[in-house]
Amino acid sequence: MIRNNRALALPLVLWSIAFLAGLVVLLAGVVSNWIDDEGHAERIFRARQLALSGIALGLNPAVKTGDPLLRCGDKASEGFVVRLSDESGKINPNFWIGQNKRDIFTTLFDAWGVDARERDEAIDGLIDWIDGDDFRSLAGAERGEYESAGRPGFPANRQLLNIREMEAVLGMDRVLAGHQGWKEEFTTFHNGKINIQHAAEPVLTELAGLTSEQCRSLFELRAGPDAVEGNEDDVKLESIEAIAGLIGAGGRQLDLLEEFFDVTGGVRRIESTGFCSGTKHRIVVIAPENGGGQVMSWEEE
């Protein structure tokens with residue numbers, strides 16, 4: 001009997017040792033994952049704090065593009081980078097639909113190479129989304145069309161709150177899907193004509209038919225002596241007619257410039273990215289150019 005007990009004891013001891021070894025390995029893995037998760041959360045938190053520091057600087061109207069304060073540290077360890085731009089150089093669909101100016105979208109989509117039928121469906125769909133009634137435009141979409149498409153409850157029948165809503169507009173969604181970078185050309189924050197002081201080349205070439213050479217001349221004029229736009233030595237443009245004369249834009253180009261552009265307005269866009277040991281956090285804030293602490297939009301990713 002004693003011999004039998006001894007014979008059974010050895011396998012039990014070996015099994016216990018194996019079980020405890022496995023448990024130790026399992027616990028080590030759990031602890032390691034917990035430590036990794038805690039470390040990642042700490043890096044995210046730190047990256048966000050650094051991004052917030054960049055936003056605080058960007059909200060100061062005295063801070064301009066090119067200011068060394070807009071870059072701190074480096075991506076490999078810790079730091080932040082802030083990019084300043086201006087929303088007034090973009091197209092606000094709410095403004096142009098409110099002005100019954102569909103021709104800006106016709107001009108834009110023709111420049112994109114959009115088929116005439118799809119172009120009209122997109123524009124009429126946008127009108128039906130923004131207007132406050134249920135009367136369908138000729139090629140547009142109201143509640144019946146959205147229900148047939150499996151999207152009950154649309155259109156919104158109000159102004160766009162964010163340009164991403166344009167992707168929800170029937171007809172417009174197909175047009176936007178075929179044009180990469182469209183989000184850089186639209187805004188919902190500047191209520192007026194496009195400010196030529198801040199307009200980018202795609203908007204200038206697509207809406208006014210300016211050549212690349214004319215755009216470069218305009219950018220050099222805007223930037224002033226230091227060749228950097230967005231700071232104190234920028235040249236303040238006085239009128240569309242004067243600008244057209246300086247860059248050699250006449251005829252149809254001048255007509256389009258006067259129709260779609262002016263020289264007023266300013267809405268600051270602040271993009272701040274914080275870095276911490278390979279982890280990053282990005283914050284985008286829209287605020288009035290004159291500052292004052294007011295924020296029109298805040299997004300994080």
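The values are calculated or read from the model by the stated rules, or taken from the named source; none is laboratory data. Note that the structure is predicted; figures quoted are calculated from it, not measured. Every residue, glycine among them, receives a Cβ derived from its backbone with ideal geometry; neighbour counts consider all protein chains shown.
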- Restricted to region 168-202 and to residues being in contact with a Leu (Cβ under 6 Å, 6 or more places away or on another chain) and assigned to a helix (DSSP H, G or I), the residue nearest to I243 (Cα to Cα) is W182
- Task: Go through G230, G274, G248, G224 for me and flag whichever is of a type in the set (G, A, S), at pLDDT 95 or above and surrounded by 15 or more Cβ atoms within 10 Å (Cβ to Cβ).
- Result: G274
- Task: Among the residues of region 140-173, write down those that are surrounded by fewer than 20 Cβ atoms within 10 Å (Cβ to Cβ) and under 16 Å from N100 (Cα atoms).
- Result: N157, R158, Q159
- Some residue of region 102-123 being among the aliphatic types (A, V, I, L, M), closer than 28 Å to K280 by Cα and in contact (Cβ under 8 Å) with a residue 60 or more places away in the chain: no
- Query: Say we look at region 73-85 and pick out the residues that are of a type outside the set (S, T, Y) and over 27 Å from P225 (Cβ atoms); which of these is nearest to the chain's Cα centre (by Cα)?
  - Reply: F80
- Item | Matching residues, region 221-253, being free of Cβ contacts under 8 Å to residues at least 12 places away in the same chain and part of a loop (DSSP other than H, G, I, E, B) | G224, P225, A227, D233, G250, G251
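Residue-wise test of (1) of a type in the set (S, T, N, Q); (2) out of contact with any Asp or Glu (no Cβ under 9 Å at 6 or more places or on another chain).
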position	(1), (2)
S77	yes, yes
V81	no, no
L84	no, no
N92	yes, yes
F95	no, yes
G98	no, yes
F105	no, yes
W112	no, no
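May I ask you to verify whether L218 is buried (at least 16 other Cβ atoms within 10 Å of the Cβ), closer than 19 Å to E87 by Cα, over 24 Å from the mean Cα position of the chain (by Cα) and outside the structural domain of S85 (by TED's automatic domain parsing)?
Spelling it out, L218 is indeed buried (at least 16 other Cβ atoms within 10 Å of the Cβ), closer than 19 Å to E87 by Cα, over 24 Å from the mean Cα position of the chain (by Cα) and outside the structural domain of S85 (by TED's automatic domain parsing).
If I ask for residues that are hydrophobic (A, V, I, L, M, F, W, C), farther than 30 Å from S277 by Cβ and out of contact with any Gly (no Cβ under 7 Å at 6 or more places or on another chain), which ones from region 73-123 would you list? I'd like the intermediate steps shown before the answer.
So the first thing to find is which residues in region 73-123 are hydrophobic (A, V, I, L, M, F, W, C), and the list is 76, 80-82, 84, 91, 95-97, 104-105, 108-109, 111-112, 114, 116, 122-123.
Narrowing the set further to residues that are farther than 30 Å from S277 by Cβ leaves 91, 95-97, 104-105, 108-109, 111-112, 114, 116, 122-123.
Matches in region 73-123: I91, W96, I97, I104, F105, L108, F109, A111, W112, V114, A116, I123.
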- Which condition number does E201 fail, the rest of (1) of a type outside the set (S, T, Y); (2) without any contact (Cβ under 8 Å) to a residue 40 or more places away in the chain; (3) over 26 Å from V63 (Cα atoms); (4) in contact with a helix residue (DSSP H, G or I) (Cβ under 6 Å, 6 or more places away or on another chain) being met? (3)
- Item | Matching helices (runs of 4 or more DSSP H) fully within region 1-116 where at least 1 residues are modelled with pLDDT under 95 and out of contact with any helix residue (DSSP H, G or I) (no Cβ under 9 Å at 6 or more places or on another chain) | 2-58
- Note on the structure: Of the residues in region 122-148, those that are assigned to a helix (DSSP H, G or I), in contact with a helix residue (DSSP H, G or I) (Cβ under 8 Å, 6 or more places away or on another chain) and acidic (D, E) number 0
